[in-house]
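K.L.:
Before anything else, here's the structure in question.
The values are calculated or read from the model by the stated rules, or taken from the named source; none is laboratory data. Since this is a predicted model, take the numbers as computed values, not measurements. Glycine gets a Cβ as well: all are built from the backbone with ideal geometry, and neighbour counts include every protein chain shown. Side chains are part of the model used for accessible areas, which takes the heavy atoms of the whole protein and leaves out ligands, DNA and RNA. Shrake-Rupley method; radii C 1.70, N 1.55, O 1.52, S 1.80 Å.
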Amino acid sequence: EPEAAARLRLRAMATFQALADRLAHLVPHGCDPSAIDQAAVFDTLAEAQLCLRRTDPEDVRARQRGFEDALLRITCGGWAGPAVRRSASDVLSVLFSVGNAVALYSCVNEIMTHVTAVPERGSASKPNVGCGLTRQGAARIGALECVARLARGGHGPALSGGAGSFVAAVAKLLKSTDGSSNTSGRAFPNAWALTPDGARALRRCACRALAAVVGGASRDRPLRAEVRTAAARVVSDAIAHGLVHPLRSRPSSSSVSSRPGSSVDLIARELEETAEKSGHSCAREAFSLADLTGDRERMIPGAGRTVQAAACVAAGALASTPGGSGLWGDEVGRSGRAGSAKPKSAAEEMRDALRGALEEGDEETRGCAASALGALAAARLYPSEHTHASRVAPDGGAEGAEGAEDADDTSGGALDDTPTKIGVNKKKPTHHRRSSSSGGGLFGGLMRGKAGSDVESSAAHQAAARAAAATAAAAAPLDLDGPGVDRRWMETIETCFVRSFRDACRSPGPDRRRARHGLASAMVRFTACVSEKSLETGKSVPARLLVGMTSRVYGAIGETIAEGGGMAREDAPHAEACALHVLRRGVIARLDEPGRGSLLRSLASTIFFRDDDGSDAEKPGMVNINVPGDTAMRAIAHALAAVTRVDDDTADALCAVVFRAMDSGGCPDEVAVCAAQLAHSAPRASAGLLRRFVEKISANAGAAGTMDAAAVAAVA
């Protein structure tokens with residue numbers, strides 16, 4: 001009834017007012033941080049988060065200003081514990097969702113003043129407030145966490161408009177805390193960090209916040225090219241800096257092996273034990289190795305406890321953001337490979353940094369780097385603004401759009417303005433409520449007046465053309481059936497994964513084993529990203545592309561084995577386990593029933609045992625290679641296990657493969673396991689398989705190295 005609804009509304013309003021007054025009393029202006037009851041503050045914030053969702057928006061707007069100020073004193077005060085300040089950030093996010101959303105811009109500008117603040121005089125000699133941080137450094141962490149939680153709390157599209165200024169602020173922060181120089185206040189102690197641990201905390205938090213902001217862009221408003229390139233440069237430098245100047249030393253192998261239950265380099269130790277026991281010839285061991293690799297795939301986290309891991313998470317967020325495909329066409333201005341005049345693209349720099357992290361990073365970093373590398377490679381296949389620019393140029397045709405690619409954007413009204421220096425605009429904004437903020441904050445571009453010169457008008461026109469191209473590319477579907485897709489797919493597989501996988505197979509050592517495992521996980525992530533993008537239009541990834549990927553991976557192993565030196569004893573089963581992982585989790589899992597049948601036929605005819613007439617040699621993406629028989633049998637057995645039934649033509653082709661492998665006499669146990677799986681998937685072929693096996697046993701009775709009755713029993 002209306003009266004009851006009015007009473008409930010007044011009760012909710014009174015509750016919100018009471019909570020706002022209580023919070024202002026607990027956290028007054030200029031209070032002594034040591035006298036604040038953080039437990040009471042936390043309880044009040046928990047009540048406020050529930051109360052906001054049931055309070056009328058008009059009532060929230062009436063009290064919003066004072067409530068915001070109290071929350072900012074908690075998040076950016078430098079005294080609150082992690083649980084308290086993160087709870088305050090979540091309440092702030094709900095406040096803007098329920099109340100006045102426009103106030104978000106001025107609030108974020110004030111938060112950014114703590115990130116970009118100049119060092120306080122004598123701050124390096126001030127006491128440690130925890131984790132090796134000064135009060136100003138702790139305030140920076142609170143401000144960065146607040147921005148990140150706002151971006152993840154539903155305000156990402158709004159915050160991505162100021163991503164350019166935020167990227168510049170993060171780059172400046174990372175430079176001031178890298179600990180690589182004794183000049184410019186970078187040595188410890190400095191204004192923000194008293195110890196290397198404090199510097200790590202700042203850098204890690206900055207990378208997490210960067211991941212949240214760039215990942216919050218929407219398809220309607222993707223990141224601008226210059227912002228995207230600047231973010232890629234920051235991320236690549238952060239990953240590379242962790243490899244060259246590790247602030248935390250990596251544990252030695254002796255200390256790692258002494259810890260019970262340690263999972264560091266678990267695959268390498270397991271493979272060495274397997275090599276001593278069975279000589280890599282038993283199919284059961286190969287299955288267990290593939291399962292082990294699959295278990296490791298589940299380790300990939302999203303939090304990023306180390307600086308490198310957080311930077312890799314930021315790289316994945318940047319690659320996955322709408323318009324991330326443009327990274328492959330954005331030049332960073334730095335030289336490419338030695339002897340090459342062509343500069344690298346932003347994506348190529350990130351790819352090289354991520355591949356380095358796969359070898360030398362810690363366990364969590366390797367998982368995050370593999371996930372980011374897969375997402376980055378998938379972005380290479382997505383529609384890019386560089387291919388859409390000529391279609392959407394307003395009033396200027398293709399020439400206007402192409403000219404816009406090289407022009408500088410100096411439009412004063414752009415939401416995501418990227419100033420060359422934080423705080424460059426000193427004019428106070430007309431609608432900025434807080435006196436402590438300046439117009440050079442995250443959204444400083446909104447605060448400036450409109451310029452009417454012809455140069456700025458032309459720049460605005462070019463910026464509009466680029467923005468239209470980026471928006472069209474972000475919204476365009478992924479077409480994997482169009483012209484040139486096969487060539488681009490194979491180029492992506494080769495440049496991002498297979499070339500490095502082949503190099504890792506040629507060189508022994510634990511670093512190379514880590515690289516192979518990371519690349520296998522990255523390929524699984526790659527197929528998952530492409531499949532998700534393709535399913536947006538109701539289409540799955542074509543089987544021919546996934547089959548071609550399988551041939552490239554096994555081709556790298558076959559080429560390495562065929563070379564003079566081959567692979568080391570402990571490396572051969574590991575490389576095969578990685579290939580099996582790609583086959584099971586990255587290829588078979590993405591194929592439907594007809595696609596799996598196509599995979600089996602390709603495994604039989606082209607990839608492992610080529611037809612004598614070479615009829616399949618000209619298929620796109622196919623590589624005619626010969627891997628060892630036991631490797632081929634295990635791969636076919638895995639593929640058969642995922643197929644409910646196979647048709648007669650496929651069964652005949654696979655029977656021919658099994659018979660050919662049986663006649664070679666090199667891997668009797670693997671042949672028996674593969675034949676047993678084939679008999680289960682093709683019951684009509686089971687009688688012929690059993691008859692052929694019995695004949696083989698009779699012909700080779702008593703010969704060493706032949707299959708015994710126990711192995712053949714699986715077929716029966």
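K.L.:
Full-extension gain between E120 and E559, please, as 0.36 nm times their residue separation minus the C-alpha to C-alpha distance.
P.N.:
Values: separation 439, 0.36 × 439 = 158.04 nm, distance 6.08 nm.
Extra length from E120 to E559 when fully extended: 152.0 nm.
K.L.:
Whenever you get a sec, compute what percent of the accessible area on the stretch 56-186 sits on carbon and sulfur atoms (1.4 Å probe). Write down the numbers at each step before the final one.
P.N.:
Numbers: 2390 of 4630 Å².
The value for the stretch 56-186 is 52 percent carbon and sulfur by accessible area.
K.L.:
Something else now. Leaving out ligands and nucleic acids, note down the accessible area per residue over the stretch 100-150 with a 1.4 angstrom probe, in whole Å².
P.N.:
39 Å²
K.L.:
Right, next: For E58 and D592, what is the calculated FRET efficiency with R₀ set at 45 Å and r taken between the beta-carbons, to the nearest 0.05?
P.N.:
Here the calculated transfer efficiency is 0.25.
K.L.:
Dipole of the stretch 39-147, Cα-centred, from +1 at each Lys and Arg C-beta and -1 at each Asp and Glu C-beta, to the nearest 20 debye?
P.N.:
In total the dipole reaches around 340 debye.
K.L.:
I've got another one for you. Work out, step by step, the length gained on full extension between D37 and R645: first 0.36 nm times the residue separation, then minus their alpha carbon distance; give nm to one decimal. Walk me through the numbers on the way to the answer.
P.N.:
Values: separation 608, 0.36 × 608 = 218.88 nm, distance 6.71 nm.
Full-extension gain reported as 212.2 nm.
K.L.:
Tell me the GluC sites (Glu not before Pro) within the stretch 471-561 that lie in a loop according to DSSP and have at most 16 other beta-carbon atoms within 10 Å.
P.N.:
Hits after loop and neighbour filter: E536.
K.L.:
Run the simple label-point estimate for T195 and R691 please: 7 Å along Cα→C-beta, distance reported in nm.
P.N.:
7.8 nm
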